[in-house]
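Each reported figure results from applying straightforward, stated rules to the coordinates on display, with no laboratory input. Computed from a predicted structure; not experimentally measured. Virtual Cβ from ideal backbone geometry, glycine too; neighbours counted across all protein chains shown.
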Amino acid sequence: MMRLCLFLLLLSYSVLSQNVSKEELGYLINKSIPLSLNHPTEQWHKLDKSLNNKKMVLLGECNHGSREIFLLKNNFIQHLNKTLDYDVILFESGLAEMIDYYEDDNIPVKQLSHVWETEAFEALLKYAKDQNMEVAGFDVFVTGDSFQKRLDKILDNLHPNIEKEYNLVLDSLKNRNVPLEHIADKANHIINIYKTYSSALLPKSKIEKLTKRGIENRIATLHYMLQYKKDTNFPKQLAARDSLMAANINWLMTEIYPNKKAIVYTHNIHASKYNKYEE
């Protein structure tokens, strides 16, 4: 999978505020394409040659709450869509939570993502809807409550309140005061319930495929949290989450969008080639 680093100069303040090694700085300089800070949106065409034949573009950000960065990225996404035919946006939102957007693109944003419950995000979703762009999430973490409601309906006869139990176990795994041995059996019990249902699914439609993948993400998250509870290694935990998200992106581009060009919308810490937190 090829990566092209963007916004390195547009967001230079976030780079300068970090301790960057000579090797890292050299990489940034060699891979960057300079744009004027005064009129960056008028210079997107400088990137066209580099991006035209790419399958995927990763757009990073130094935080999830900056309106200025969001508006700038929205403008660039419109350029990628109109000029270079990029037709999919993959957000750092729960893969499972974004499923409901396929069925109802008027669903409240707060049910899809607690991170981007902003006017700028809603404006981007509206643009995607108006231009018939596909939208999906790739995070393994829960970012809303829409999938919880979906699974509660699906599994009501088999195992009522499974999602409530899942969330309670997650809370316990995150709680440093709860010993691993007090929660491991319950976590593995829920994993087995999800596995039983997932293995019985033979998905054909896009929604069915995404639902099965969402359940698999529930399983992966519990394994992930059990491991972190065991070794409490934050760099290892962050790297593991990145691997799970990368696997979701690869699955989406293989199973759901094999012939499309995607824009991956995420935090710099996940998109960056260099990440001191995963060392």
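Brief remarks follow.
- The phi torsions of the range 169-186, fed into the Karplus equation with coefficients 6.51, -1.76 and 1.60 and a -60° offset, translate into couplings of 5, 4, 4, 5, 5, 7, 7, 5, 7, 9, x, 4, 5, 7, 10, 4, 4, 5 Hz, rounded to whole numbers, with Gly and Pro shown as x.
- Rounded to the nearest 20 debye, the dipole size of the range 46-279 about its Cα centre is 600 debye, using +1 on the Cβ of Lys and Arg and -1 on the Cβ of Asp and Glu.
- Evaluated with a Cβ-only charge set (Lys, Arg +1; Asp, Glu -1), the range 148-279 carries a dipole of roughly 440 debye about its Cα centre, given to the nearest 20.
- Sequence-distant residues sharing a close amide H with Gly137 (under 5 Å, placed H): Phe91, Met98
- Among Ile29, Ile190, Ile154, the order by Cβ neighbours within 10 angstrom, fewest to most, reads Ile29, Ile154, Ile190.
- Residues whose placed amide H lies under 5 Å from that of Val264, excluding near-sequence neighbours: Val57, Leu58, Leu59, Leu90
- Where labels lie 7 Å past Cα in the beta-carbon direction, separation of Asn52 and Leu180 in nm: 5.4 nm
- Each residue of the range 153-168 was assigned a 3J(HN,Hα) from its phi angle through the Karplus curve 6.51 cos²θ - 1.76 cosθ + 1.60 (θ = phi - 60°); the sequence is 6, 5, 9, 4, 7, 8, 7, x, 6, 4, 6, 5, 5, 4, 5, 5 Hz, with glycine and proline shown as x.
- For Tyr102, Tyr224, order by how many other beta-carbon atoms lie within 10 Å, fewest first: Tyr102, Tyr224
- Ratio of the Cα radius of gyration of the range 143-279 to 2.2 N^0.38 Å, where N counts its residues: 1.15
- The residue list Ala184, Met245, Ala96 was ranked by how far each Cα lies along the charge dipole of the range 46-279 toward its positive end, using unit charges on Cβ atoms, and Met245 comes out on top.
- Sorting Glu216, Glu68 from the fewest to the most surrounding beta carbons within 10 angstrom yields Glu68, Glu216.
- Cross-link partners of Lys230 among aspartates and glutamates (Cα-Cα below 14 Å; sequence separation of 8 or more within a chain): Glu181, Asp185
- Extended-chain gain in nm, criterion 0.36 nm per residue less alpha-carbon gap, Glu42 and Tyr27: 2.8 nm
- Pairs beyond 26 Å (Cα-Cα), from Lys206/Lys261; Lys129/Lys261; Lys55/Lys209; Lys126/Lys174: Lys126/Lys174
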